[in-house]
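Notes follow once the structure below has been shown.
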Amino acid sequence: MRLLKEVLEKIKPSERERAIVNAVTREIVEIAEEEIEKKDATATPRLVGSIAKDTYLSGDHDVDLFLAFPLEVPLKELKKIGLELGRSIGERLGDYEVAYAEHPYVRALYKGFEVDIVPCYNVKSWKDVKTAVDRSLLHTEWVIKNINGRNDEVRLLKKFLKGINAYGSEVYVRGFSGYLTELLIIKYGSFMSLLENIEFLGKSKILDLEGWLKREPEIAYKTVERERESPLIVIDPVDPRRNVASALSWEKFGVFYFKAREFRESPRIEFFFPSKTKTGNYKALLRKKGTNLVTLLFPKPELVDDILLPQLERSAKGFEKSLRREGFEIFDLNWGYIEKAFIMLEVDRVERTKVLLKPGPEFLGERGLDFYAKNQKVWIRGKRLYSEKIVKESIVDVIEELLAKNQIALGKNLREPIKKVEILLNFVPPELEEEAYLFLSKEKWNIKD
């Protein structure tokens, strides 16, 4: 297909770019080897990820450098020495910082390349795996062995998924990982073949490229049973205990399902390079829809997206649940950050009626007679008169009371910042106007052109 050739010309690294990538990665590995030798460590530097597998897109130059330690090294020692090595390599490369996953690792920047320096075990089999990152060595080896020249097909699939906003296994994306795209191409042979089989993929659901269901049935079937609610179960070719698609949400699989069908019927370059999302006036949209927008703004904690965004999601859902309990209808939620963190709620109304007890005077006397005459419902408790009154209560007051009483489930790192929350009704600051429109119009998630 001519269109796919046109896309490949844009996303496939040129020979000059490849030469630069290869030269820089060689320099990084050599620096790592020198630092390992200086410290007399037993680690071996290994390149993993898309650069090692030659499935990276032009301009995407993330280097994954793993420091592989022998299996007999205790985990505590691996973490300690691995971090020391990472720091010394990072200092040689230039700017670096320590990041945290299952154990600490170093992120560095070298000649425009982002470099992750990660300690792991030098595993040869799934039975050797001790930490989550150990499998990356096996993944790289397996893909290199089985890809059989279909690297460009992987590139097409990655770019397609990026274009439809379904790429990335991070917890705040829940899309297709790079490794999953490689396995799908190895299984189906090409980008177009995968798209032509999307209905079958959705119905069959289970992919087992290494035959684990026959080789290790007890373990593999446990994986299938555990992951039965997932949209796809792709048993890891290097580890029968793992579903490669475990991070994939039904929403992102659904986006891929519909866009694959659309592309088959009407191939367009916009699937790979989408035009800017439609935008408009959020205030006019609110008037048209007859709904209301509640926006909570508060200081953004200094957290990486992998931690911050899931906590914002948890907090948004906490507000939804608590406000529903208070009688408000919540149509949709949105969260994120620009300068400040924000949570947006589309609600049916911003006021509610509330009945309050209205104590009156004793019934004997002029004041009692006056109270009796002015109120519709009156009753006596002891010598005193009582009535009730209906008042309007703002959703702002409701939210503030819920927060004061700690009756909203919040992300643990947001409990302090949200004490400084600013609650806006049907208004957002200029930097959030486009976000508000995309949220209220559903263009942020719309899958149909």
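The values are calculated or read from the model by the stated rules, or taken from the named source; none is laboratory data. For clarity, every value in this text was computed on a predicted model and none was experimentally measured. When we count neighbours, we look across all protein chains shown, and the Cβ atoms used for this are built from the backbone with ideal geometry, even at glycine.
Filtering the range 279-326 down to residues that are basic (Lys, Arg) and more than 20 Å from GLU433 (Cβ to Cβ), which residue is nearest to the chain's Cα centre (by Cα)?
My answer is ARG314.
Scan the range 318-343 residue by residue and report those that are more than 19 Å from GLU431 (Cα to Cα) and surrounded by fewer than 18 Cβ atoms within 10 Å (Cβ to Cβ).
Result: LYS321, ARG324, ARG325, GLU326, GLY327, GLU329, PHE331, ASP332.
Going through LYS321, LYS278, LYS259 one at a time, which residue ends up being over 21 Å from VAL421 (Cβ atoms), part of a helix (DSSP H, G or I) and basic (Lys, Arg)?
LYS259
Going through the range 1-16 one residue at a time, which ones are over 30 Å from the mean Cα position of the chain (by Cα) and among the charged types (D, E, K, R)? Step through it out loud before you land on a result.
First pass over the range 1-16, keeping only residues over 30 Å from the mean Cα position of the chain (by Cα): 1-3, 5-6, 14-16.
Once the filter is applied, which keeps residues that are over 30 Å from the mean Cα position of the chain (by Cα) and among the charged types (D, E, K, R), the range 1-16 yields ARG2, LYS5, GLU6, GLU15, ARG16.
Looking at LEU67, LEU47, LEU109, which is the one that is buried (at least 19 other Cβ atoms within 10 Å of the Cβ) and either outside any helix (DSSP H, G or I) or in contact with a His (Cβ under 7 Å, 6 or more places away or on another chain) (or both)?
The conditions single out LEU67.
For the range 1-22, state whether one or more residues are touching a strand residue (DSSP E or B) at 6+ places or on another chain (Cβ under 7 Å), in a helix (DSSP H, G or I), farther than 30 Å from ARG268 by Cβ and not aliphatic (A, V, I, L, M).
No: the range 1-22 contains no residue that is touching a strand residue (DSSP E or B) at 6+ places or on another chain (Cβ under 7 Å), in a helix (DSSP H, G or I), farther than 30 Å from ARG268 by Cβ and not aliphatic (A, V, I, L, M).
Within the range 285-312, how many residues are outside any strand (DSSP E or B), within 17 Å of LEU403 (Cα to Cα) and touching a strand residue (DSSP E or B) at 6+ places or on another chain (Cβ under 9 Å)?
2
Taking ILE219 as the residue in question, decide whether it is in contact with a strand residue (DSSP E or B) (Cβ under 8 Å, 6 or more places away or on another chain) and either closer than 18 Å to LEU57 by Cβ or touching a residue at least 12 places away in the same chain (Cβ under 8 Å) (or both).
So ILE219 fits the description; yes.
Given the conditions (1) among the aliphatic types (A, V, I, L, M); (2) crowded, with 16+ Cβ neighbours inside 10 Å; (3) under 30 Å from GLU435 (Cα atoms), and given that LEU385 satisfies all but one, which numbered condition is not satisfied?
Unmet condition: (3).
Among LEU410, LEU438, which is under 30 Å from LYS300 (Cβ atoms) and at pLDDT 95 or above?
Going through LEU410, LEU438 in turn, just one is under 30 Å from LYS300 (Cβ atoms) and at pLDDT 95 or above: LEU410.
Scan LYS127, LYS79 and give me the residue that is in contact (Cβ under 8 Å) with a residue 24 or more places away in the chain and outside any loop (DSSP other than H, G, I, E, B).
Working: LYS127 fails: in contact (Cβ under 8 Å) with a residue 24 or more places away in the chain.
Within the list LYS127, LYS79, the selection yields LYS79.
Would you mind finding the one in LEU333, LEU297 that is at pLDDT 95 or above, touching a Lys or Arg at 6+ places or on another chain (Cβ under 6 Å) and assigned by TED's automatic domain parsing to the domain that holds ASN406?
LEU297 is the lone residue from the list that is at pLDDT 95 or above, touching a Lys or Arg at 6+ places or on another chain (Cβ under 6 Å) and assigned by TED's automatic domain parsing to the domain that holds ASN406.
Residues GLY360, GLY368: which one is assigned to a strand (DSSP E or B) and either free of Cβ contacts under 8 Å to residues at least 40 places away in the same chain or outside the structural domain of LYS300 (by TED's automatic domain parsing) (or both)?
Values: GLY368 fails: assigned to a strand (DSSP E or B).
Exactly one of GLY360, GLY368 is assigned to a strand (DSSP E or B) and either free of Cβ contacts under 8 Å to residues at least 40 places away in the same chain or outside the structural domain of LYS300 (by TED's automatic domain parsing) (or both), namely GLY360.
Mind listing whichever residues of the range 178-213 are surrounded by 20 or more Cβ atoms within 10 Å (Cβ to Cβ) and either among the acidic types (Asp, Glu) or within 23 Å of the chain's Cα centre (by Cα) (or both)?
GLY178, TYR179, LEU180, THR181, GLU182, LEU183, LEU184
Looking at the range 243-257, can you tell me whether even one residue there is in contact with a Lys or Arg (Cβ under 7 Å, 6 or more places away or on another chain), buried (at least 17 other Cβ atoms within 10 Å of the Cβ), of a type in the set (D, E, K, R) and assigned by TED's automatic domain parsing to the domain that holds PRO217?
Yes.
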